[in-house]
Amino acid sequence: MKICKTKDICLRLLLGMAMLSLSLCAYAQEGPYRALLTYDFGESRRALTTIEEEIRGATPEQRGEIEAKLLEVLQSPQATFACKQFVCRMLRRVGTGTSVPALAELLPDEKLSHMARFALQEIPDPKVDDVLRDALGKLGGNLRIGVISSIAARRDRKAVDKLAGFVTSRDTDLARAAIAALGRIGGVRAARTLARARVVEELETPKADAYLMCADGLLAEGEPRAAIRIYRKMIGEANPTVVRIAALQGIVSAEEARAVPAVVAMLKDADRDVRHAAGKLTGEIPGSPATRAIAAQLPGLEPSTQVVVLGALADRGDRAALPAVARATRSGDENVKAAAIRAIAVLGDESNVGLLTEMAAGGDDAGRAAGDALGRIRGAGIANVLIEIVEGAGEPGVRVQAIQALNARGEVTAVPALLRAAKDEDGSVRNASYRALGSLAGEEDLPDMVTLLLAGESSSERRSLERAMVSVVGRMEDASAAVAPIIDGLDRAEEAASANLLAVLGRSGGAKARGVIQKNLGNSNVEIKKAAIRAMGSWPDPSPAEDLLAIAKGDADETCQVLALNGYVRLIGLPGDLSAEERLGMYRIAMEIAGRPEEKRLILSGVANLESEEALEFVKQYLDDEEVAEEARRAHERLADSIEE
């Protein structure tokens with residue numbers, strides 16, 4: 001008996017626990033909604049957050065249960081304003097036709113009408129449209145205007161007749177809302193309503209905008225004829241500029257290639273903004289026939305419109321426009337001429353190269369545009385035509401432009417022609433060739449460039465060739481490979497050219513080049529000796545530092561000392577295996593030798609990069625030296641900042 005009683009007690013205990021669990025579950029479900037009833041702004045949003053999370057994770061069936069709970073809360077006498085506002089927001093997410101009556105009751109409420117409307121707008125039930133149409137006759141002021149905006153958002157075409165009655169209202173806010181709604185709703189009836197309406201002047205533009213929206217809607221719905229009738233009506237001169245432009249855009253969208261006559265007519269309109277808009281729209285009409293028809297109008301257009309059309313023709317990328325564009329380069333208007341040249345850069349081919357080079361030689365704005373176009377124009381034969389011009393017997397200015405274009409285009413195939421042009425009788429052609437060779441020539445061209453330098457007629461030309469060769473050496477993977485032709489040139493060079501070759505040799509690096517330069521450090525010709533010192537100072541690594549230091553310390557020529565010291569200081573700062581301590585030691589030596597403020601400032605500038613306490617202490621010594629105090633201060637600040645970091 002005791003065992004049975006014990007079992008009975010256990011069963012009752014388990015049953016009680018189960019009932020308690022169910023009760024707690026029910027509380028967990030109903031609790032947030034009870035808390036919501038008395039919610040007010042500024043209080044804890046825990047209940048609201050719980051409901052929002054429940055909605056996010058709900059199944060369709062559960063969403064119906066949530067809707068029912070929300071409606072019960074909404075219709076409760078205890079519900080606060082904040083509670084009702086929140087419920088409306090949630091019904092916007094879960095509401096169905098079941099919620100429509102409760103939400104409709106809120107439409108006359110000044111505080112909650114807009115929240116109710118937002119919820120209704122999202123409910124896909126035709127009862128909503130019935131409610132909103134019915135409210136039009138019952139509400140007034142801003143509440144009715146709000147309902148109109150909701151009708152517009154739902155695009156309820158059954159409301160068109162009711163809205164038509166408001167379009168001519170003396171209440172301009174109401175009329176404006178009705179006009180905008182008709183535009184959003186669209187369709188033939190809405191369009192006819194707007195077309196027939198007589199409105200006050202301030203509503204003419206909103207009415208035109210809405211009418212065009214109807215046209216856009218008709219076009220999207222597969223009614224192009226009806227849309228086109230509206231567009232053509234609205235491009236008339238009686239309409240505002242913005243409306244006419246929008247209408248023309250609609251015609252182009254609806255008619256495509258058949259829109260050419262309308263666009264051409266607008267290109268000659270009295271309104272400058274309309275002309276320019278039409279010019280831009282020419283770029284959107286498809287087909288080469290349209291391109292030719294539009295391009296043919298160029299001569300008859302006023303200059304600013306020609307500029308716009310030329311830009312649009314370039315954007316089209318259709319070479320059918322090229323003959324007309326080329327003719328426009330002869331315009332007497334500089335802006336038109338420049339626009340035509342820019343278009344040729346996109347549309348042109350080798351047949352236009354001669355024209356562009358001649359124009360580029362002019363040097364004016366159009367000439368600069370032509371020079372830019374020569375660098376951008378595309379075509380398989382462009383380089384060959386330019387090379388023919390370079391090697392031809394044309395005007396030097398034209399040949400120079402061809403050389404510059406080859407350079408800008410990176411045409412390495414032109415190098416043989418450039419080497420020949422570098423011997424031309426005209427100095428401008430030679431100099432242009434030197435610059436181009438600096439960009440385009442390669443290692444294999446260095447012997448020819450050495451020969452050119454040896455034959456240079458002036459120091460300036462030799463200097464130009466020197467710069468070109470330095471540029472070539474700088475692009476080589478192994479700069480030491482440049483040594484052989486340069487040394488060979490030195491063996492054949494007169495004194496004037498030796499300095500230039502030594503400068504090139506200084507950029508190549510390697511033991512062989514360094515040996516040649518070292519020999520020239522003691523050259524009896526002071527200019528060659530200086531060139532050798534400069535070459536050592538421009539070396540690609542710090543290895544010649546000791547050679548330069550010896551000259552800086554003991555050479556009889558003060559200029560040579562200064563050159564050597566400057567070179568020595570430069571080498572200290574080059575990347576290499578030297579530690580910061582070793583570099584600082586070298587800078588100390590340099591400072592002991594330096595006699596001029598210029599060298600001292602250069603040394604302090606180098607020390608500023610060392611990022612060490614020792615460097616900072618070194619710089620402090622010169623903070624009170626008036627000659628270098630400013631540079632010392634900058635170095636001190638930089639070092640202090642780097643050490644702190």
Extension gain (nm, one decimal) between E477 and D333, 0.36 nm per residue minus Cα-Cα:
46.8 nm
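Sorting M90, M476, M266 on the 10 Å Cβ count, fewest up front, what's the list? Write down the numbers at each step before the final one.
Values: M90 22, M476 15, M266 25.
Least crowded to most crowded, the residues run M476, M90, M266.
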Please list, by residue number, every one of the trypsin sites (Lys or Arg not before Pro) in segment 196-225 that is coil in DSSP and has at most 15 other beta-carbon atoms within 10 Å.
R198
Full-stretch length increase - D134, E53 - with 0.36 nm per residue and alpha-carbon distance subtracted
25.6 nm
With 23 Å as the limit, write out which pairs from K84/K158; K233/K268; K162/K233; K111/K207; K138/K162 have Cα-Cα distances beyond it, or answer none.
K84/K158; K162/K233; K111/K207
What ranking of F41, F618 emerges when the number of other C-beta atoms within 10 Å of each C-beta is taken as an exposure proxy, fewest first?
F41, F618
Please give the FRET efficiency for N384 paired with R596, using the beta carbon to beta carbon distance and R0 = 45 Å, rounded to the nearest 0.05.
0.20
Could you work out how far helix 526-537 tilts from the main Cα principal axis of the chain, as a 0 to 90 degree angle to the nearest 10?
40
By a straight-distance test (C-alpha under 23 Å), which lysines pair with K553 as possible cross-link partners, with residues fewer than eight away in the same chain excluded?
K519, K529, K530, K600
Pulled fully out, how much extra length does the chain show between S524 and A640, if you take 0.36 nm times their separation in residues and subtract their Cα-Cα distance?
37.1 nm
For the pair E558 and D426, what calculated FRET efficiency results from E = 1/(1 + (r/R0)^6), where r is the Cβ-Cβ distance and R0 = 45 Å, to the nearest 0.05?
0.60
Projected onto the charge dipole of the chain (unit charges on the beta-carbon of Lys, Arg, Asp and Glu, signs +1, +1, -1, -1), the Cα from V325, A511, H114 with the largest positive-side position is that of H114
Rounded to the nearest 10 degrees, the helix 241-255 long axis (Cα) sits at an angle to the longest Cα principal axis of the chain of 90
Between E444 and D491, what is the label-to-label distance in nm when each label sits 7 Å out along the Cα-to-Cβ direction?
2.4
1/(1 + (r/R0)^6) with r = Cβ-Cβ of A550 and E284, R0 = 60 Å, i.e. FRET efficiency to nearest 0.05, evaluates to 0.20
Report Rg/Rh for segment 283-397, rounded to two decimals, where Rg is the Cα radius of gyration and Rh the Kirkwood radius.
0.98
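Rounded to two decimals, what ratio of Rg to Rh does segment 431-474 give with C-alpha atoms and a Kirkwood Rh?
Radius of gyration relative to Kirkwood radius: 0.92.
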Ratio to report: Rg/Rh of segment 541-645, with Cα atoms as the point set and Rh obtained by the Kirkwood method; give two decimals.
0.97
Given (i) 210; (ii) 365; (iii) 234 as possible values of volume of the Cα convex hull per residue in Å³, the one from the coordinates is (ii)
What do you get for the angle between helix 224-234 and the principal long axis of the chain? Use alpha-carbon atoms, 0 to 90 degrees, nearest ten.
70
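Rank these for me by crowding, F81, F118, going from fewest to most other beta carbons within 10 Å.
The most exposed by this proxy come first: F81, F118.
Read the figures in this text as sums done on the coordinates, not as results from a lab. Every value quoted in this text rests on a predicted model; they were computed, and no experiment measured them. We place every Cβ from the backbone using ideal geometry, glycine too, and count neighbours over all the protein chains shown.
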